[in-house]
1. Return one number: the angle in degrees, 0 to 90 and rounded to the nearest 10, between the long axis of the Cα atoms of helix 426-435 and the longest principal axis of the Cα atoms of the chain.
2. Given the -39500 (n - 2.57) contribution per DSSP H run of 4+ residues, what per-residue ellipticity at 222 nm results for the chain, rounded to the nearest 500 deg cm²/dmol?
3. Expressed in nm to one decimal, what extension gain is obtained for the pair Gln451 and Ala273 from 0.36 nm per residue of sequence separation less their Cα-Cα distance?
4. Just to confirm a number: summing +1 for Lys and Arg and -1 for Asp and Glu over residues other than Asp3 whose beta-carbon lies under 15 angstrom from that of Asp3, what do you get?
5. Excluding Thr288 itself, what net charge comes from residues whose Cβ is under 11 Å from its Cβ, given Lys and Arg +1 and Asp and Glu -1?
6. Which loop-located trypsin sites (Lys or Arg not before Pro) does the stretch 404-482 contain, where loop means any DSSP state but H, G, I, E or B and the Cβ has at most 15 other Cβ atoms within 10 Å?
7. Report, in whole Å, the centroid distance computed from the Cα atoms of the stretch 357-412 and the stretch 433-473.
8. Please sort by residue number the trypsin sites (Lys or Arg not before Pro) in the stretch 328-376 whose DSSP state is loop and whose Cβ has at most 16 other Cβ atoms within 10 Å.
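Taken together, the values in this text are just the output of simple stated rules run on the coordinates, not laboratory data. Every value quoted in this text rests on a predicted model; they were computed, and no experiment measured them. Cβ placement follows ideal geometry from the backbone for every residue including glycine, while neighbour counts extend to all protein chains displayed.
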Amino acid sequence: MSDIALHRLLLAPLETNGELTLQQQLFQRIKQAILSGKLAAGTRLPATRQLALDLAVSRNTVIAVWAQLQAEGFLLSDRQGSRISNMAQLPQETQPPASSEIVLSPRIAQLRSSHRTLSQEMALRPGVPLLAHFPLAQWRRALNRVMLHQPQQLLGYGDPLGERTLRAALAQHLALARGVRCTPEQIVITEGAQQALTLCVALLSSPGDIGWVEEPGYRGAKAAMRLGDMRIEPIAVDAQGLAPQPQDWQQRPPRLIYTTPTHQYPTGAIMSAPRRLALLAAARQQQTWIIEDDYDSDFRYSGEPIAAMQGMTQPTPVIYVGSFSKTLFPALRLGFMVLPPQLVSPLRPALHELLRGGNRPEQQALALFLRSGDFSRHLSKMRRLYRQRQATLRQALQQTFGTQVPLLGGECGMHLVLSLAADQNDMALVDRLIQSGYAPGALSGFYLGEQKQQGLVLGYGNTSTSQITAGVAQLARLLRGN
């Protein structure tokens with residue numbers, strides 16, 4: 001750069017009423033000139049006293065800019081003055097690269113292919129609880145009690161495995177409500193069930209290992225296995241849940257099995273006791289770990305609650321996973337996994353490296369919420385509401401499509417599955433329903449294989465009676481081609 005060009009660059013007027021201070025403006029001007037190549041390496045800069053006079057600013061302003069440039073490595077100073085450092089210049093681009101030019105991991109592309117952002121407020125969306133009925137007053141009281149008695153202690157890092165008080169309260173709750181046999185030491189608090197699934201894959205598998213998933217099944221489990229570079233094998237689900245065949249164990253023996261035995265997602269099937277015992281026996285023989293996701297099991301509407309598979313036999317090859325996203329509220333971001341006793345000591349060092357023990361006030365408040373009975377009372381209330389909404393949805397579907405309308409599920413949870421004819425395109429139907437303000441899931445989207453059943457996963461948790469009636473009417477119009 002010539003002396004004249006350098007003079008023009010440095011002495012351009014500074015804004016006295018701008019958002020940036022004079023010091024910030026001068027710093028950014030020189031820094032950007034260096035990064036863009038306008039100020040080449042070795043270029044001498046004027047003395048601070050002279051530049052301050054020319055810019056009509058305090059010399060301390062220029063000295064502070066020079067000091068910051070030196071601290072960041074842009075400027076070198078010696079007895080002869082200050083000069084630009086030698087550094088690699090950024091490549092000049094007229095526009096950012098197109099997204100197609102950015103190289104992504106293949107597994108990231110797989111995750112992106114099925115992603116769709118939808119509002120939780122949209123009617124008929126599955127997996128969204130009725131947040132308007134959450135007992136905010138009781139939750140606020142629990143949080144206030146926690147912050148009143150031990151505010152400073154809860155601001156730092158906690159036990160990476162989770163707050164001891166929550167793990168103790170959770171162990172007691174799981175034993176009574178789900179038949180889970182565990183001690184607090186076996187429980188690891190996570191940021192939702194998805195983190196628990198990701199940890200299971202990271203800690204218990206190697207790239208290339210086989211992972212079984214239900215067909216159709218939960219997409220989050222497949223995402224966790226993809227991130228772990230596992231080979232995912234879909235295993236068909238029938239009326240009794242996951243149904244592996246002898247040849248599956250022989251030809252594609254799994255390292256991990258993901259299953260939702262108490263309420264299969266999305267079909268609602270319940271795994272029978274004989275099949276659970278057979279799965280446990282085969283997993284133990286094959287040295288396979290079972291991830292039992294107890295999805296929606298707290299919302300059972302007929303008969304007694306079905307106990308978790310984890311408590312059927314000891315020692316167990318089961319990692320039991322759950323969360324409070326559906327029973328309380330999704331933004332809480334608290335889940336858990338119950339490790340088999342034989343895994344606690346081997347995995348503890350790795351868990352201490354991977355986890356940091358956050359959300360301490362919320363964990364302590366949840367422990368109070370569990371022990372006070374507020375959690376159980378909330379579940380009882382929501383069971384009644386969800387049962388009523390399911391009855392409304394079932395009645396609307398039967399009145400519209402006939403009493404023999406093909407429905408799956410209904411024993412538990414917050415959704416029903418409406419089966420469609422093979423010549424229907426559930427993906428296209430969902431797209432049209434979204435345009436009308438309804439967001440059910442497409443059943444075919446839960447499959448990995450080429451043989452996919454067409455259907456709609458109709459959520460009723462966050463959907464009012466009037467929305468259910470209007471949504472079914474809109475569905476009927478679309479199916480009739482109106």
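1. 60
2. Numbers: 16 runs with 203 residues, N = 482.
Helix-only estimate at 222 nm: -13500 deg cm²/dmol.
3. Details: separation 178, 0.36 × 178 = 64.08 nm, distance 2.78 nm.
Extra length available between Gln451 and Ala273 comes to 61.3 nm.
4. Working: positive: Arg8, Lys38, Arg44, Arg83; negative: Asp54.
Summing Lys/Arg as +1 and Asp/Glu as -1 gives +3.
5. Values: positive: Arg255, Arg284; negative: Asp209.
Here the count lands on +1.
6. On the way: sites: Arg432, Lys452, Arg477, Arg480; in loops: Lys452, Arg480.
Of the trypsin sites (Lys or Arg not before Pro), the ones in loops of the stretch 404-482 whose Cβ has at most 15 other Cβ atoms within 10 Å are Arg480.
7. 18
8. Details: sites: Arg333, Arg356, Arg371; in loops: Arg333, Arg356.
Qualifying residues, ordered by number: Arg356.
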